[in-house]
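The values are calculated or read from the model by the stated rules, or taken from the named source; none is laboratory data. What you see is a predicted model, and the numbers here were worked out from it, not measured in a lab. Cβ sites come from the backbone with ideal geometry, for glycine too, and all protein chains shown count toward neighbours. Just so you know, the surface numbers come from the protein's heavy atoms only, side chains and all, with ligands and any DNA or RNA stripped out. Shrake-Rupley method; radii C 1.70, N 1.55, O 1.52, S 1.80 Å.
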Amino acid sequence: QVQLVESGGGLVQPGGSLRLSCAASGIIFSIYTMGWYRQAPGKQREMVASISRLNSPNYADSVKGRFTISRDNAQKLVYLQMNSLKPEDTAVYYCNRAPSPAWDWGQGTQVTVSS
């Protein structure tokens with residue numbers, strides 16, 4: 001059974017940084033493109049970044065230049081380094097297969113950007 005566990009969220013001031021982690025189990029992690037998604041209140045879930053099995057990243061325009069996605073295939077982890085955070089980055093962040101989520105969503109991790 002696939003399990004995705006996100007962590008690292010919190011409350012941060014505008015301009016601050018956070019590093020999110022996602023631990024995956026129950027899959028052959030290294031063969032999949034992984035993505036970070038977010039869902040803000042009242043909005044649809046959107047993908048903000050993805051990373052291929054060969055470590056090629058892609059970013060949504062809204063986060064390009066501020067967020068960095070990385071992965072550790074040996075530990076089955078995917079990370080999202082978020083810098084220069086803005087209030088509009090406030091959301092629950094999730095990881096899943098990309099570009100089409102294929103597994104049950106984890107609980108997510110809340111990121112709140114506020115002064």
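So for the chain, averaging the separation of alpha carbon pairs under 8 Å that are six or more residues apart and normalising by length, what relative contact order in percent results? Kindly include the intermediate steps, with their values, before the conclusion.
Details: 281 pairs, mean separation 42.4, N = 115.
Relative contact order of the chain: 37 percent.
Using the Cα centre of the stretch 55-115 as origin and beta-carbon charges of +1 (Lys, Arg) and -1 (Asp, Glu), tell me which of Asn58, Asn73, Thr90 is placed farthest towards the positive end of the dipole.
Farthest towards the positive end: Asn73.
Mind checking the dipole of the chain: about its Cα centre, +1 per Lys or Arg Cβ, -1 per Asp or Glu Cβ, Debye to the nearest 20?
Numbers: 11 positive and 7 negative charges, 30 e Å.
With only Lys, Arg, Asp and Glu charged at Cβ, the dipole is about 140 debye.
So, with a 1.4 angstrom probe, what is the percent of accessible area on the chain that is carbon and sulfur? Let's see the in-between values first.
Details: 2750 of 6050 Å².
C and S fraction of accessible area: 45 percent.
Kindly provide log₁₀ I(q)/I(0) values, in the same order as q = 0.31, 0.32 Å⁻¹, from the Debye equation applied to equal alpha-carbon scatterers of the stretch 68-115.
-1.23, -1.24
Across all directions of projection, what mean area in square nanometres is found for the Cα convex hull of the chain?
Numbers: hull surface 25.8 nm².
For the chain, the mean projected area of the Cα convex hull comes to 6.4 nm².
Hey, can you find the accessible area per residue of the chain for me, probe 1.4 Å, expressed in square angstrom? Intermediate results must be reported in sequence, preceding the final value.
Numbers: 6050 Å² over 115 residues.
Computed with neighbouring chains in place, this is 53 Å² per residue.
Does anything in the stretch 1-27 have its amide N under 19 Å from the 7 Å Cα→Cβ label point of Asp72, and if so which residues?
Only 3-9, 18-27 fall inside the zone, counting backbone N under 19 Å.
Chymotrypsin sites (Phe, Trp or Tyr not before Pro), restricted to the stretch 11-115: which are DSSP loop and have at most 16 other Cβ atoms within 10 Å? Could you put the intermediate results ahead of the total?
Numbers: sites: Phe29, Tyr32, Trp36, Tyr37, Tyr59, Phe67, Tyr79, Tyr93, Tyr94, Trp103, Trp105; in loops: Tyr32, Trp103, Trp105.
Taking the stretch 11-115 and a limit of 16 other Cβ atoms within 10 Å, the loop chymotrypsin sites (Phe, Trp or Tyr not before Pro) found are Trp103, Trp105.
Let me check I've understood the local charge: for Val12, count other residues with C-beta under 12 angstrom from its C-beta, Lys and Arg +1, Asp and Glu -1. What total comes out?
+1
Quick one: ranking Thr68, Thr33, Thr109 by accessible area, 1.4 Å probe, largest first, what do you get?
On the way: Thr68 75, Thr33 45, Thr109 15 Å².
So, going from the largest accessible area down, we get Thr68, Thr33, Thr109.
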